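The values are calculated or read from the model by the stated rules, or taken from the named source; none is laboratory data. All values reported here derive from a predicted model rather than from experimental measurement. Methodologically, a virtual Cβ is constructed for each residue, glycine included, from the backbone with ideal geometry; neighbour enumeration extends over all protein chains shown. To get the accessible areas, we keep the full protein, side chains included, count just its heavy atoms, and leave off ligands, DNA and RNA. Shrake-Rupley method; radii C 1.70, N 1.55, O 1.52, S 1.80 Å.
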Amino acid sequence: MKLFKSKKEVEAMVQTVPAKSTSNQVLTAIRGYRAMPEIFFSLYSSIRESIPIIDAAISKIVRLLGDFTIECDDKNIENDLADFLSKLQVNTCGRGINEFINTYLNQLLTYGTAVGEIVMDEEKTEITALYNADLRDVELKNNSNPLELLVCSKNKNGEFTPIKYPELVVVSALNPNPGQIYGNSILRGLPFIGDILLKIYNTIGINWERVGNVRFAITYKPLSESGDRSYAKERASQIATEWSKAMNDLQHPSDFVAVGDVNIKVIGADNQVLDSQVPVRQMLEQIISKLSIPPFLLGLSWSTTETMSTQQSDMLTSELDGYRRIIDPVINKICSAWMRLNGVDSDIKIAWNSVSLKDELRIANTRLTLAKAREIEKRLEEE
């Protein structure tokens, strides 16, 4: 006789996983990608893999987005919510909402669209995890109302059907075209530039392979007065054998000795290798201008002034503020869902940390200067 009943295991139900997946594979990715052409998905992924500076720039933007805290009117609710967000499971191995937001923004910047899901337990009474959906696993479309978004997943028959609980799915689009659901990747316009840059790098590799692995041209001219012409073939074969023996024995270097008029030249030594600095820099300038990130953050030691560096930092700060405004509704939706499930109600405010201490110091100095200017103006008016 059992005195205590074992606790029933509650399974998390992820809607963006295909219906054919088993219960112990709730976070298994699904396949099937229609709304966004597969070529664009593969193209943007290959650009990040092929050009390290693009991958580094996007990764730095994600890290520079910074952390945030949730402020509530009720401090008890604020503490409980902060504890929940910090311990929440994200995908398979992650923990904390910051992990979810970083992956979400990474997907948004790379493909222009990001999809995530608030995963509930089987009884729909508790949030168990956050899931970043693969864009190939879902399809976004409109119904008769262009202001309503339908999120579809793949069923057992391989067809995309609307999910049952769309209120648990968060979707963001980066600079979408009018009337379009999917956003535009930050890499839009860079495939052509990247193709040219990769051609230059590939050519540099081929040239260095040719120049670094030196090839020699050996010319033997038999002497007519000594009767060497009749033995030219045998002596040429002997010279080739001895030359190969001298070059292949790297551990015991030896001299090559030949009789007669023997001329040895390096193949390609007379050709001039093209200078790649100017075209490579031109391509990198196009890439950096598209990504809106200062060159010095990527380790590029280009000549710049202090004023120019400050302006570049200000531009990056404004870009990060724009990304934060896109992310804010996602965080709001997650926090609101937790409050409804726990029967609490409180106004929340998302407080992002400052991008850098230098920005705070500059803002403080500006405020101090303005305050002093107002004080001087007030004194002049009184006089």
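Among (1) polar (S, T, N, Q); (2) open to solvent by 80 Å² or more (accessible area, probe 1.4 Å); (3) more than 20 Å from A351 (Cβ to Cβ), there is one condition N76 misses while meeting the rest; what is its number?
Of everything listed in (1) polar (S, T, N, Q); (2) open to solvent by 80 Å² or more (accessible area, probe 1.4 Å); (3) more than 20 Å from A351 (Cβ to Cβ), N76 misses just condition (3).
Out of the residues in the range 141-171 that are in contact (Cβ under 8 Å) with a residue 24 or more places away in the chain and assigned to a loop (DSSP other than H, G, I, E, B), which is surrounded by the most Cβ atoms within 10 Å (Cβ to Cβ)?
I163
From the list T16, T22, T28, which residue is in contact with an Asp or Glu (Cβ under 8 Å, 6 or more places away or on another chain) and modelled with pLDDT under 85?
After applying the criteria, what remains is T16.
Give the range 87-119 a look and list any residue that's touching an Asp or Glu at 6+ places or on another chain (Cβ under 7 Å) and either surrounded by fewer than 22 Cβ atoms within 10 Å (Cβ to Cβ) or of a type outside the set (A, V, I, L, M, F, W, C) (or both), or say none. Even if it seems obvious, please write down each step before you answer.
Restricting attention to the range 87-119, the residues satisfying the condition of being touching an Asp or Glu at 6+ places or on another chain (Cβ under 7 Å) are 90, 98.
Of everything in the range 87-119, just one residue is touching an Asp or Glu at 6+ places or on another chain (Cβ under 7 Å) and either surrounded by fewer than 22 Cβ atoms within 10 Å (Cβ to Cβ) or of a type outside the set (A, V, I, L, M, F, W, C) (or both), namely N98.
Of the conditions (1) open to solvent by 40 Å² or more (accessible area, probe 1.4 Å); (2) closer than 30 Å to N175 by Cα; (3) modelled with pLDDT of 80 or more; (4) more than 26 Å from the chain's Cα centre (by Cα), N332 clears all except one; give me its number.
Status for N332: all satisfied but (4).
Would you be able to say whether some residue in the range 121-128 is open to solvent by less than 40 Å² (accessible area, probe 1.4 Å), in contact (Cβ under 8 Å) with a residue 24 or more places away in the chain and over 17 Å from the mean Cα position of the chain (by Cα)?
yes
Looking at the range 136-185, which of its residues are among the charged types (D, E, K, R), in contact with a Lys or Arg (Cβ under 8 Å, 6 or more places away or on another chain) and under 24 Å from F40 (Cβ atoms)?
Matches in the range 136-185: R136, D137, E139, K154.
With L316, L298 as the choices, which residue is among the aliphatic types (A, V, I, L, M), modelled with pLDDT under 85 and open to solvent by less than 20 Å² (accessible area, probe 1.4 Å)?
Exactly one residue qualifies, and that residue is L316.
Exactly one condition in (1) open to solvent by less than 10 Å² (accessible area, probe 1.4 Å); (2) closer than 30 Å to C93 by Cα is not met by G194; state its number.
For G194, the failing item is (2).
Which condition from (1) at pLDDT below 80; (2) surrounded by 14 or more Cβ atoms within 10 Å (Cβ to Cβ); (3) in contact with a strand residue (DSSP E or B) (Cβ under 7 Å, 6 or more places away or on another chain) is the one that W352 breaks?
Condition not satisfied by W352: (1).
List the residue pairs whose Cβ atoms are under 9 Å apart, where the first residue sits in the range 195-206 and is farther than 17 Å from I54 by Cβ, the second is at pLDDT below 85 and exposed (fewer than 13 other Cβ atoms within 10 Å of the Cβ), and the two are 6 or more positions apart or on different chains.
As it stands, the answer is T203/L274; I204/V273; I204/L274, since those pairs meet every condition given.
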